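Report on one structure; see the data block that follows.
The values are calculated or read from the model by the stated rules, or taken from the named source; none is laboratory data. The model shown is predicted, which means the values in this text are computed figures rather than measured ones. Every residue, glycine among them, receives a Cβ derived from its backbone with ideal geometry; neighbour counts consider all protein chains shown. Note: accessible area is taken over every heavy atom of the protein model, side chains too, but ligands, DNA and RNA are not part of it. Shrake-Rupley method; radii C 1.70, N 1.55, O 1.52, S 1.80 Å.
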Amino acid sequence: MNHIKDAVRQINANLAMTDQKSNVLVFTTPNEAQSQHTVIANLAMMYSESGKSILILDTDFKSTVFADTFKIHSKGLSDYLDGAQVTYQDITSKISNTSVSLIPSGNIELDSTRYLLGDPKFNALLEKVRVDYDMIFINTPEFNVHTNEFDNLKNSDGLVIVVNMKGTLKKQLLAIINAAEKSKMKILGYISAN
């Protein structure tokens with residue numbers, strides 16, 4: 001766990017040295033996403049302890065890890081984007097005793113979520129949360145070159161890649177880098193989760 005804390009501190013130091021404000025960060029991984037969830041949660045808690053307001057925005061529609069971890073049982077992003085009568089306030093839950101909030105992935109069936117991030121309502125939501133929070137951490141599913149979601153997330157300030165140095169192949173990492181460059185996403189760095 002100390003290596004994750006050190007990696008989180010390194011990303012924080014890298015963010016502090018950038019010229020532009022980086023408050024909307026996209027996290028992706030070519031491997032199993034469990035490490036990614038751990039990194040995002042730790043980073044959110046670290047910033048929360050420093051007094052910043054944080055939002056974890058979960059766009060991994062096939063997982064409910066954040067909702068389960070923080071015991072949030074509400075509608076989420078997919079419900080909001082699908083056009084249900086759900087407001088921004090309905091999908092945003094504050095994590096007790098922190099300045100961290102969560103918008104969980106939601107309850108819509110996976111096969112109905114394929115094009116939700118391309119909806120203009122998503123970009124409008126992203127602009128709204130930029131105003132309401134100091135930092136937004138966007139959790140994405142494991143990277144898949146065939147369903148590259150980076151085009152839908154290019155309004156973010158940068159990409160953090162969470163890798164397992166023992167299990168990540170160079171070609172997997174290169175595929176993420178190529179997709180990010182194609183979508184004109186700034187790569188802020190990587191975190192080794194092992």
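In terms of the mean number of neighbouring beta-carbon atoms within 10 Å, the peptides 172-184, 90-102 order highest first as 90-102, 172-184.
Think of the chain as having a plus end and a minus end, set by charges on the Cβ of Lys, Arg, Asp and Glu; of Gly106, Thr87, Tyr47, Tyr47 sits farthest toward the positive end of this dipole. With protein chains left intact and a 1.4 Å probe, residues in the chain average 51 Å² of accessible area per residue.
Taking each residue as 0.36 nm, the span from Lys186 to Asp134 lengthens on full extension beyond its C-alpha to C-alpha distance by 16.8 nm. Charged side chains reduced to their Cβ positions (Lys and Arg at +1, Asp and Glu at -1) give the chain a dipole of some 480 debye around its Cα centre.
Using the Cβ-Cβ distance between Thr87 and Asp111 with R0 set to 30 Å, the FRET efficiency from 1/(1 + (r/R0)^6) comes to roughly 0.75. Which entry in [x] 26, 19, 16; [y] 35, 18, 16; [z] 23, 20, 16 matches semi-axes √(5λ) of the Cα gyration tensor in Å derived from the coordinates of this structure? Checked against the structure: label [z].
Which percent of the accessible heavy-atom area of the stretch 101-194 goes to carbon and sulfur, probe 1.4 angstrom? Walk me through the intermediate numbers first.
Working: 2610 of 4970 Å².
Roughly 52 percent, rounded to a whole number.
Go through the stretch 92-194 and name the chymotrypsin sites (Phe, Trp or Tyr not before Pro) that are in a DSSP coil and have 13 or fewer other Cβ atoms within 10 Å of their Cβ.
Here the sparse-neighbourhood loop sites are Tyr115.
Neighbours of Leu116, meaning other residues whose beta-carbon lies under 11 angstrom from its beta-carbon, give a summed charge of -2 when Lys and Arg score +1 and Asp and Glu score -1. With each label modelled as a point 7 angstrom along the Cα→C-beta vector, the Met45-Lys171 pair spans 3.8 nm.
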